[in-house]
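All remarks here apply to the structure that follows.
We did not get these values from a lab; they are worked out from the coordinates using the rules stated. Please read all numbers here as calculations on a predicted model, not as lab measurements. Please note: Cβ atoms are built from the backbone with ideal geometry, for glycine as well, and neighbour counts cover all protein chains shown.
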Amino acid sequence: MFSDEPHVEEMTLAAVMAALSDPMRVAIVRQLAAEGERTCGTFDLGISKATRSHHFRVLREAGLTRTRAEGTHRHVSLRRDDVDARFPGLLDAVLTAAEREAGDQRALAAKADFAVA
């Protein structure tokens, strides 16, 4: 555990909600929820390494993720149990809404592709 990862009782709703206010960070949380622990470099987010590191730091400092070092690699995992214990139902609601929003965006893109063709 990195020193900037809060203990469960130190997690605040304001910090968690602020971390989840960015679509890129929600995408990271969605990937971690679906696939489990990953190394930082395996996320294909289309952003610079520095920006990606910033997003991981915000998620970690809010208590949403855990980072562990293994050699030169940083492994990131979702602190699902901790977040659910502190804020029951929050992650489920956010992930459900994000999936619905992503589906809506895919549907709009498909309509746009169909209209062009």
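How do S77, S48 rank when sorted from fewest to most other Cβ atoms within 10 Å of their own Cβ? Intermediate values should be presented prior to the final figure.
On the way: S77 13, S48 9.
By the 10 Å Cβ count, ascending, the order reads S48, S77.
Roughly speaking, what is the stretch gain from R57 to A102, that is 0.36 nm per residue apart minus the C-alpha to C-alpha distance, in nm to one decimal? Don't skip to the end; give the middle numbers.
Numbers: separation 45, 0.36 × 45 = 16.20 nm, distance 2.41 nm.
Gain in length upon complete extension: 13.8 nm.
Sequence-ordered 3J(HN,Hα) estimates for the range 28-38 from the Karplus curve with 6.51, -1.76 and 1.60 and θ = phi - 60° stand at 5, 4, 4, 5, 5, 5, 7, 10, x, 4, 9 Hz, glycine and proline given as x. One entry in (1) 1.16; (2) 1.21; (3) 1.35 is Cα Rg over 2.2 N^0.38 Å calculated from the shown coordinates; its label is (1). Annotation: the residues H55, H7, H75, sorted from fewest to most other C-beta atoms within 10 Å of their own C-beta, follow the order H7, H75, H55. Projecting the Cα positions of V16, I28, S3 onto the charge dipole of the range 1-42 (unit charges on Cβ atoms of Lys, Arg, Asp and Glu, taken about the Cα centre) puts I28 furthest along the positive direction. A cut-off under 13 angstrom between Cβ atoms defines the neighbours of I47, and their net charge, with Lys, Arg +1 and Asp, Glu -1, is +1. For R74, nonlocal amide neighbours, meaning residues 5 or more places apart or on other chains whose placed amide H falls under 5 Å from its own, are C40, G41. Between T65 and R60, R79, the built amide H atoms are under 5 Å apart, and every one of these is 5 or more places off in sequence or on another chain.
Coupling constants for the range 9-14 follow from the phi torsions by the Karplus curve (6.51 cos²θ - 1.76 cosθ + 1.60, θ = phi - 60°), and in residue order they are 5, 8, 5, 10, 4, 4 Hz; glycine and proline get x.
When a footprinting reagent is the concern and you count Cβ atoms within 10 Å, what order do L13, L95, L64 take, fewest first?
On the way: L13 11, L95 17, L64 27.
Placing the least packed residue first, the sequence is L13, L95, L64.
Defining a contact as two alpha carbons under 8 Å apart and six or more residues distant in sequence, what relative contact order in percent does the chain show?
On the way: 103 pairs, mean separation 36.3, N = 117.
In percent, rounded to a whole number, it is 31.
Take the Cα of L90, step 7 Å toward its Cβ, do the same at M24, and the gap between the two points is 2.2 nm.
Coupling constants for the range 47-52 follow from the phi torsions by the Karplus curve (6.51 cos²θ - 1.76 cosθ + 1.60, θ = phi - 60°), and in residue order they are 10, 5, 4, 5, 5, 4 Hz; glycine and proline get x.
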